[in-house]
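Student: Provided herewith is a single structure, encoded as structure tokens, for subsequent inquiry.
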2 protein chains.
Amino acid sequence: MQNPAEERQGNRLEALIEALESGTAQQARKMLNALHPAEIAQLLESLPSAKRNIIWELVDPELDGDVLLHVNDEVRAGLIREMDPEELIAATEGMDVDDLADFLQDLPSTLIGEVLRSMDKQNRHRLESVMSYPEDTAGGLMNTDTITVRADVTLDVVLRYLRLRGDIPDLTDNLIVVNRNDRYLGVLRLRDLLTNDPNMSVAEALDRELDPVIADAPAAAVAKLFEDRDLISAPVVDEENRLLGRITIDDVVDVIRDEADHSFLSMAGLGEEEDMFAPVMLSSRRRAVWLGVNLLTAFLASWVIGLFQGTIQHIVALAVLMPIVASMGGISGTQTLTLVIRGLALGQVRGSNARALLWKEVAVAVLNGLLWAIVVGTVAIAWFHSYKIGLIMGVAMIINLFCAALVGVTIPLGLRWIGIDPALAGGVILTTFTDVIGFLAFLGLATVFLL
Amino acid sequence: MQNPAEERQGNRLEALIEALESGTAQQARKMLNALHPAEIAQLLESLPSAKRNIIWELVDPELDGDVLLHVNDEVRAGLIREMDPEELIAATEGMDVDDLADFLQDLPSTLIGEVLRSMDKQNRHRLESVMSYPEDTAGGLMNTDTITVRADVTLDVVLRYLRLRGDIPDLTDNLIVVNRNDRYLGVLRLRDLLTNDPNMSVAEALDRELDPVIADAPAAAVAKLFEDRDLISAPVVDEENRLLGRITIDDVVDVIRDEADHSFLSMAGLGEEEDMFAPVMLSSRRRAVWLGVNLLTAFLASWVIGLFQGTIQHIVALAVLMPIVASMGGISGTQTLTLVIRGLALGQVRGSNARALLWKEVAVAVLNGLLWAIVVGTVAIAWFHSYKIGLIMGVAMIINLFCAALVGVTIPLGLRWIGIDPALAGGVILTTFTDVIGFLAFLGLATVFLL
């Protein structure tokens with residue numbers, strides 16, 4: 001099932017690891033440094049920490065900076081610990097301002113001062129501007145490497161200016177047009193620059209349709225804008241429409257990937273910036289929190305069962321069948337919950353359609369409740385030769401699936417409303433409900449009708 | 001918790017829906033068609049189907065094509081059913097070849113012929129080339145709107161050619177350089193075109209470093225390449241290095257989003273192209289499959305419990321405590337499973353490090369098993385005044401967490417190896433194991449030592 005590109009890469013990595021283990025460090029170093037920094041980063045992330053440090057030693061110091069930008073936060077912190085201050089300062093050279101702002105936050109504070117002192121005034125000023133915004137806002141994502149032009153010059157002047165400049169930053173698809181007070185007016189696309197008459201003025205070729213991003217807009221909104229409009233870069237302005245910098249698609253892709261990873265991993269109580277090979281003690285402590293929370297909910301369910309010990313003692317079949325009712329509620333509720341969490345993340349679930357969605361989910365749950373109640377009831381009757389147990393089990397299951405749908409829609413909406421991440425807390429709360437309601441309905445009905 | 005941009009959009013949508021419901025269709029139409037096609041698409045996806053069809057009627061026919069490209073497959077199929085053949089053919093006009101190839105697959109076959117006949121020969125030929133590759137390969141993602149140049153001309157000739165052409169396709173950051181047999185040689189970046197001396201030849205300004213993508217490379221590998229190298233576009237070639245087209249970052253972003261959605265939704269047995277407001281019967285049928293599969297595993301767990309009915313009858317406390325052992329195994333195993341599934345998706349888990357990961361996960365599980373065994377055992381002793389029950393429960397939990405870690409690592413690797421999506425099947429298989437092992441260990445130990 002591996003695709004050819006992955007396999008190729010996999011083979012290269014295997015060969016590299018083999019070269020390492022057979023002791024030919026010289027060859028390993030050569031193979032390693034022929035990789036793209038992103039590939040080196042991936043290799044480092046996928047190694048246990050002892051091997052990781054050996055490989056890291058072999059990486060060409062010139063690549064250090066790029067590799068550090070590609071690994072996740074936790075792995076990065078580990079690699080930084082292995083580096084001398086001089087190596088670290090060397091690694092920051094040539095970093096884009098947005099990357100540097102991100103990177104500095106992982107450095108020991110003594111080094112931050114040194115890095116700042118090593119920069120010229122203009123760059124330091126730019127860096128401080130980026131660092132004044134939280135990492136997950138447009139301001140934190142922006143870079144300050146904009147090329148600005150004035151509206152009153154001709155395209156020919158712009159063309160000559162670019163040739164004189166001799167360099168255009170990566171991922172530049174447009175030049176930003178500002179007035180003399182640095183207020184944003186619009187963009188001059190490179191394609192318009194290339195296809196129009198050089199005697200045309202920038203004002204005529206200008207695209208005023210591209211709304212700039214306000215610096216404190218959240219990263220998720222920026223990602224949505226880029227996705228919807230197929231942007232490569234977008235200008236960032238402050239509240240007064242003054243140009244601060246620009247955001248490029250590469251950073252937006254990282255936001256999208258991180259967001260997606262976050263939802264997926266949060267459902268299991270894991271974080272997206274964690275090291276897969278974190279020390280066992282550290283991993284254990286992190287996982288312990290999640291297990292502890294879940295244990296509390298499991299004890300709650302047990303306590304509910306405990307209320308019916310007398311009933312179970314009389315009819316031990318109830319103990320055999322009760323997990324089925326709870327489990328089906330959990331599965332059905334998780335489907336609803338997942339749908340709503342994703343709808344919220346994509347902005348597709350809102351106040352106005354939440355009610356319609358609730359009714360739809362409840363209807364689906366009740367229909368499935370009826371279907372599986374018949375199946376489950378029939379099996380229970382055949383197994384324990386008691387049509388009453390089958391009937392009670394069917395009714396309990398319908399009740400549990402009905403409640404699971406209610407809870408599956410309302411919990412994520414409620415969590416989001418009070419500012420808690422639904423992907424992180426939703427599953428725990430949901431299964432608490434479905435366990436408790438499942439056991440309560442089944443054992444409660446049995447106590448009333450069977451004893 | 002809603003961010004300003006979402007709120008703004010939310011408000012606009014609310015206002016629009018209000019305008020619709022108060023019957024001022026004229027105003028609603030105006031508001032609707034002022035939205036970006038991507039926003040209209042999002043609005044349509046978030047509406048129940050009756051309202052969706054009303055809104056769809058109001059959308060400006062000129063926007064139909066763009067909107068259809070932005071909605072998910074299932075919603076698109078529903079919208080297409082509401083359209084006349086003429087409307088559909090009109091909607092395909094102006095679509096990029098890659099989008100059209102994707103779109104045609106949703107049309108009734110009678111219409112496909114008509115669309116093909118309405119195209120000129122060159123475009124039809126291009127379309128057939130794209131359609132000959134599966135949707136999830138580089139060939140299926142590519143567009144044929146490349147601008148090619150020869151290596152032996154000067155940059156000035158290229159500049160004049162572009163001005164004569166008068167238009168450059170969206171998301172063009174480079175021109176593709178081919179020889180007279182259409183074999184790929186490299187790319188001429190627009191930035192190099194703009195900054196170098198016009199008398200320089202294309203051959204001198206050419207970037208030969210950008211490896212082209214082979215048309216049958218899987219979409220996931222293409223996405224990884226774009227992410228690692230921060231690409232905006234990449235040329236696509238056949239096995240003989242002949243240029244077929246190019247892939248652009250906007251389509252890659254869609255791949256990344258879909259991949260992430262897929263993992264997240266698969267874990268709950270949902271599909272990423274499904275309509276959130278699919279008809280109740282359709283949703284019920286789909287969900288029923290997932291519930292049915294899970295029911296089988298629940299019955300398996302029940303059957304295990306059934307083996308120990310005698311034991312439970314004697315010591316009813318076992319029925320109260322047994323769900324805790326099973327549940328903790330499920331939670332702990334799901335953490336491992338989630339980590340491995342994501343590692344596989346990102347290419348970070350491979351044969352060479354799977355063993356190291358397995359040992360690490362087992363060590364974490366055993367440490368947590370010990371910790372929570374003490375907690376759970378103590379609670380059980382305090383609750384049921386039997387140190388034996390506490391001890392047995394603790395031991396059962398360590399066993400279950402240990403097995404959960406083993407299964408959590410090996411199941412996704414095994415599933416991937418035999419070609420089954422681990423995100424879809426992994427969870428069901430894992431909880432089957434953790435339920436069965438949890439009940440078996442706890443009730444089995446109790447039968448041996450307590451009776």
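The values are calculated or read from the model by the stated rules, or taken from the named source; none is laboratory data. Remember, predicted model here, so these are calculated numbers, not experimental data. Every residue, glycine as well, gets a Cβ built from its backbone with ideal geometry; the counts of neighbours run over all protein chains shown.
Student: Would you pick out the residues in segment B:17-43 that are part of a helix (DSSP H, G or I), at pLDDT 80 or above and within 10 Å of chain A (Cβ to nearest Cβ)?
Tutor: B:P37, B:A38, B:E39, B:A41, B:Q42, B:L43
Student: From the set of residues in segment A:330-348 that are among the β-branched types (V, I, T) and at the interface with chain B (Cβ under 7 Å from one of its Cβ atoms), which is nearest to B:T431 (Cα to Cα)?
Tutor: A:I331
Student: So, one more: When you look at A:A363, is it among the aliphatic types (A, V, I, L, M), in the same structural domain as A:A441 (by TED's automatic domain parsing) and more than 30 Å from the chain's Cα centre (by Cα), yes or no?
Tutor: yes
Student: Let me ask something else. Suppose the filter is in the same structural domain as A:A405 (by TED's automatic domain parsing), at pLDDT 95 or above and within 23 Å of the chain's Cα centre (by Cα); does A:T334 pass it?
Tutor: So A:T334 fits the description; yes.
Here's the yes/no breakdown for (1) modelled with pLDDT of 95 or more; (2) among the polar types (S, T, N, Q); (3) crowded, with 20+ Cβ neighbours inside 10 Å; (4) touching a strand residue (DSSP E or B) at 6+ places or on another chain (Cβ under 9 Å):
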position	(1), (2), (3), (4)
A:V366	yes, no, no, no
A:L371	yes, no, no, no
A:I374	yes, no, no, no
A:K388	yes, no, no, no
A:L391	yes, no, no, no
A:A396	yes, no, yes, no
A:V407	yes, no, yes, no
A:A423	no, no, yes, no
A:V436	yes, no, yes, no
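Student: Kindly list the number of the only condition in (1) outside the structural domain of B:G427 (by TED's automatic domain parsing); (2) in contact with a Ser or Thr (Cβ under 9 Å, 6 or more places away or on another chain) that fails for B:V255.
Tutor: Tallying (1) outside the structural domain of B:G427 (by TED's automatic domain parsing); (2) in contact with a Ser or Thr (Cβ under 9 Å, 6 or more places away or on another chain), B:V255 fails exactly one: (2).
Student: Checking the conditions here, which among A:A221, A:A301 is modelled with pLDDT of 90 or more, more than 28 Å from the chain's Cα centre (by Cα), at the interface with chain B (Cβ under 8 Å from one of its Cβ atoms) and crowded, with 18+ Cβ neighbours inside 10 Å?
Tutor: A:A301
Student: What single numbered condition from (1) among the hydrophobic types (A, V, I, L, M, F, W, C); (2) in a helix (DSSP H, G or I); (3) surrounded by fewer than 20 Cβ atoms within 10 Å (Cβ to Cβ) fails to hold for A:A151?
Tutor: Status for A:A151: all satisfied but (2).
Student: Do any residues in segment B:175-187 that are in the same structural domain as B:G245 (by TED's automatic domain parsing) and among the basic types (K, R) have Cβ atoms under 8 Å from those of residues that are assigned to a loop (DSSP other than H, G, I, E, B) and surrounded by 14 or more Cβ atoms within 10 Å (Cβ to Cβ), where the two are at least six apart or on different chains, and which pairs are they?
Tutor: The qualifying pairs are B:R180/B:R150; B:R183/B:N241.
Student: Taking segment A:118-141 only, how many residues are more than 19 Å from A:A90 (Cα to Cα), hydrophobic (A, V, I, L, M, F, W, C) and over 19 Å from the mean Cα position of the chain (by Cα)?
Tutor: 2
Student: Please work out if B:F433 is away from chain A (no Cβ under 11 Å) and either within 30 Å of the chain's Cα centre (by Cα) or β-branched (V, I, T) (or both).
Tutor: So B:F433 passes the test.
Student: Just give me the residues in segment A:396-441 being of a type in the set (S, T, Y) and within 10 Å of A:V325 (Cα to Cα), in sequence order.
Tutor: A:T434
Student: Sort out which residues of segment A:168-188 are within 9 Å of another protein chain (Cβ to nearest Cβ) and either crowded, with 17+ Cβ neighbours inside 10 Å or in contact with a helix residue (DSSP H, G or I) (Cβ under 6 Å, 6 or more places away or on another chain) (or both), and write them in order of number.
Tutor: A:I168, A:L171, A:T172, A:D173
Student: Got a sec? Which of A:D250, A:D261 is facing chain B (nearest Cβ under 8 Å) and either modelled with pLDDT of 95 or more or in contact with a Leu (Cβ under 7 Å, 6 or more places away or on another chain) (or both)?
Tutor: The conditions single out A:D250.
Student: Turning to a different aspect of this structure: How about segment B:58-74: which of its residues are touching a residue at least 24 places away in the same chain (Cβ under 8 Å) and more than 14 Å from every other protein chain (Cβ to nearest Cβ)?
Tutor: B:L58, B:V59, B:D60, B:P61, B:D64, B:G65, B:L68, B:D73 - these are the residues of segment B:58-74 that are touching a residue at least 24 places away in the same chain (Cβ under 8 Å) and more than 14 Å from every other protein chain (Cβ to nearest Cβ).
Student: Separate question: (1) surrounded by fewer than 21 Cβ atoms within 10 Å (Cβ to Cβ); (2) of a type in the set (A, V, I, L, M, F, W, C); (3) touching a residue at least 24 places away in the same chain (Cβ under 8 Å); (4) facing chain A (nearest Cβ under 7 Å): which one isn't true of B:V280, the others all being true?
Tutor: B:V280 satisfies all of (1) surrounded by fewer than 21 Cβ atoms within 10 Å (Cβ to Cβ); (2) of a type in the set (A, V, I, L, M, F, W, C); (3) touching a residue at least 24 places away in the same chain (Cβ under 8 Å); (4) facing chain A (nearest Cβ under 7 Å) except (3).
Student: Checking the conditions here, which among A:M281, A:M267, A:M328, A:M322 is among the hydrophobic types (A, V, I, L, M, F, W, C), in contact with a helix residue (DSSP H, G or I) (Cβ under 7 Å, 6 or more places away or on another chain) and modelled with pLDDT under 95?
Tutor: None of the others qualify; the one that does is A:M267.
Student: Filtering segment A:311-322 down to residues that are surrounded by fewer than 24 Cβ atoms within 10 Å (Cβ to Cβ) and within 8 Å of another protein chain (Cβ to nearest Cβ), which residue is farthest from A:N400 (Cα to Cα)?
Tutor: Per the stated criteria, the residue is A:Q313.
Student: I've got another one for you. Please specify each residue of segment A:1-16 satisfying the condition of being at pLDDT 70 or above and crowded, with 19+ Cβ neighbours inside 10 Å.
Tutor: The answer is A:L16, and nothing else.
Student: In addition: Where residues in segment A:83-142 are of a type in the set (A, V, I, L, M, F, W, C) and outside any helix (DSSP H, G or I), which of them is surrounded by the most Cβ atoms within 10 Å (Cβ to Cβ)?
Tutor: Here the answer is A:M142.
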